[in-house]
1. Which members of region 170-193 meet the condition of being within 17 Å of Ala272 (Cα to Cα) and assigned to a strand (DSSP E or B)?
2. Return yes when Tyr127 is part of a helix (DSSP H, G or I) and aromatic (Phe, Trp, Tyr) and no when it is not.
3. So, in region 254-271, of the ones that are in contact with a helix residue (DSSP H, G or I) (Cβ under 8 Å, 6 or more places away or on another chain) and over 21 Å from Lys134 (Cα atoms), which residue ends up surrounded by the fewest Cβ atoms within 10 Å (Cβ to Cβ)?
4. Is it fair to say Phe332 is closer than 16 Å to Leu29 by Cβ and of a type in the set (Phe, Trp, Tyr)?
5. What residue, among those in region 50-60 that are buried (at least 16 other Cβ atoms within 10 Å of the Cβ) and either aliphatic (A, V, I, L, M) or touching a strand residue (DSSP E or B) at 6+ places or on another chain (Cβ under 6 Å) (or both), is farthest from Leu331 (Cα to Cα)?
6. Mind counting the residues in region 45-74 that are within 17 Å of Ala107 (Cα to Cα) and over 15 Å from the mean Cα position of the chain (by Cα)?
7. Do we have any residue at all in region 157-167 that's under 16 Å from Pro285 (Cβ atoms), out of contact with any Asp or Glu (no Cβ under 7 Å at 6 or more places or on another chain), not hydrophobic (A, V, I, L, M, F, W, C) and not in a helix (DSSP H, G or I)?
8. Working only within region 337-349, note down all residues that are within 13 Å of Leu316 (Cβ to Cβ) and surrounded by 18 or more Cβ atoms within 10 Å (Cβ to Cβ).
Amino acid sequence: MKRFTQALTGFLCAGLLLSGCGPKPKTPLVLFAADSLIQPFGDLTAAFEAEHPDIDVQAEYHGSIQVMRHVTELHVKIDVVATADQALIPLLMYQQKDPETGKPYAAWYLRFATNRLALAYTPKSQYAAEINGKNWAEVITRPGVRLGLSDPRFDASGYRTLMVLKLAEQTQGPVDLFSRVFAGQFTYPIKVTDEAGLTRIRVPEILETRKDTHLVVRGAAMELLALLESGDIDYFFEYESVIQQHGLKMVSLPASLDLGEAAENPNYGKVAVLLDFQRFASVKPEFRGEQIGYGITIPSNAPHSKQAEEFVAFLLSRAGRQIMERDHHPLFDPVPADGYEALPPGLKALAAASR
């Protein structure tokens, strides 16, 4: 009789999936983040899931503007959004509404970390033995040197690269550095105008390189890493955290160029990048030079907002901070919050209102 009862119980568990039989399904937490966060967020996710075995983090990484497009244009239901440029969140998520609810996609964000841009290369790069902080601008414009660029239409590091090159031209030279890098490289050129102390760099909607150019454009910086390591390109501008994570060589830039110092914002703000995109007809996609700031938020239509809040809280916790620091990407302390009053209650104690 006992064997019959055990067999019957097993049959019911397998066939009818009665409550309490077998493992409980995990809650999927959908995370979309900038590709420069792949390694630190990968480590963060592993630690978070170990503490929350009932949650399965499903992460995708793209260029920062592509991350935004998945929310506001493709209407993907995402639980956590993290971008390499916090300015994208108010630009694209505050100002656009979810067609299902009529609410803006976001009403707050945390500016959780910064970074610096540097010139990445390997021992295989042309002139690797002689490039340094003084001659890098001349080296990258030598004949035969191939320079990578993440597409500024989709990736924050791409439009920040344009800023760095224009700032370098204005402060240390050569005076034609920007045109040496970009002139004649595209079917539709990147245009530069100077208006009342502001240099505006206009990126066309179609950005196609011509044949036999020295410039290699890819949709995201992570695609350029593989090309750099294989020797298909010689140099490209990348975040210092990523360069360190991958053990690459780099030419560090002065604070006046690397977009890493808040005190340099008046200098950085002399340049801006404007994207001439029809898809952004309802907003003005112009990015003014400023200290790099990473932003994170929970969309208003997140399917699992409670679990998303737990993830963000873990990021800001002592354990989360230690993980980010080990991956060369430390957090601000305190973390400034835009839209502080709209923050979930559980996050208010972990952030400070932006000044």
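1. Lys191, Val192, Thr193, listed by residue number.
2. Spelling it out, it is not the case that Tyr127 is part of a helix (DSSP H, G or I) and aromatic (Phe, Trp, Tyr).
3. Checked region 254-271; the qualifying residue surrounded by the fewest Cβ atoms within 10 Å (Cβ to Cβ) is Lys270.
4. No; evaluated as a whole, the condition is false for this residue.
5. Taking the candidates together, the pick is Ile55.
6. Summing the residues that are within 17 Å of Ala107 (Cα to Cα) and over 15 Å from the mean Cα position of the chain (by Cα) in region 45-74 gives 1.
7. no
8. Result: Ala337, Leu343, Leu347.
The values are calculated or read from the model by the stated rules, or taken from the named source; none is laboratory data. The structure presented is a predicted model; accordingly, all values stated were derived computationally and were not measured. We place every Cβ from the backbone using ideal geometry, glycine too, and count neighbours over all the protein chains shown.
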